[in-house]
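Beneath this line is the structure, given in structure tokens, with notes to follow.
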Amino acid sequence: LFAYGLANEQPTYERILKYKVDIEIFSDGIVGITENITVSAKGIRIKRGITRDFPTIYHDNKGNEIRALFQLDEVLLNGSQVTHRIENIIHGKRISIGEPDVFLQPGNYTYTLKYLVNRQIGFFQYFDELYYNAIPTGWDFEIDEAKVTVTVPAGAPILQNACYKDDGNCYTKMIKENKIQF
């Protein structure tokens, strides 16, 4: 399903053009996340909208089951509220975004999800650590561009940072006061 048109035409396959994630860590350990997912829909697999899966049940290194909060606050399509459904799946929740009876016209669409999660911060003696899969694996579409920005509480220094991609390490683009960008 990766067919290309003529040299001057846009690719004819569906993909994620841009995946932008803003993560804000609050001093109480809750994490606020805004995802902006811009897709190129051609009516092949992206017909009515997209789905996004969120893991909420984990197992720690001792085998204990950990249940994380997932509170969905807002779902938008191109800046406007959009119909969505939340369903339980194995180990989490699935958000289906879009009108079930309305087919999208071919084009580019930006989906925005705003939500809160917890149990993503490890609290250690000398530091705290965010361990979070900002851009989840399992997408059936190529991702052309990805950007993640993490904001820590004011006064909390960023001591170290690392990020990882499926095809290797990613690189820090900016560290400024209490903000880091990958």
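Residue 76 passes every criterion in (1) under 18 Å from residue 18 (Cβ atoms); (2) of a type in the set (A, V, I, L, M); (3) open to solvent by 80 Å² or more (accessible area, probe 1.4 Å) apart from (3).
The number of residues in segment 28-54 being touching a strand residue (DSSP E or B) at 6+ places or on another chain (Cβ under 9 Å) and more than 19 Å from residue 111 (Cβ to Cβ) comes to 3. For residue 89, the criteria (1) without any contact (Cβ under 8 Å) to a residue 40 or more places away in the chain; (2) open to solvent by 60 Å² or more (accessible area, probe 1.4 Å); (3) within 30 Å of residue 28 (Cβ to Cβ) hold in every case but one, which is (2).
Within segment 107-132, restricting attention to residues that are surrounded by fewer than 13 Cβ atoms within 10 Å (Cβ to Cβ) and in contact (Cβ under 8 Å) with a residue 12 or more places away in the chain, which residue is farthest from residue 51 (Cα to Cα)? Checked segment 107-132; the qualifying residue farthest from residue 51 (Cα to Cα) is 127.
The residues in segment 130-173 that are more than 23 Å from residue 40 (Cβ to Cβ), part of a strand (DSSP E or B) and either modelled with pLDDT under 85 or in contact with a Pro (Cβ under 7 Å, 6 or more places away or on another chain) (or both) can be counted, and the count is 3.
The values are calculated or read from the model by the stated rules, or taken from the named source; none is laboratory data. Just so it is clear, the model here is predicted, and its values are computed rather than measured. Please note: Cβ atoms are built from the backbone with ideal geometry, for glycine as well, and neighbour counts cover all protein chains shown. With ligands, DNA and RNA removed, areas are computed over all heavy atoms of the protein, side chains included. Shrake-Rupley method; radii C 1.70, N 1.55, O 1.52, S 1.80 Å.
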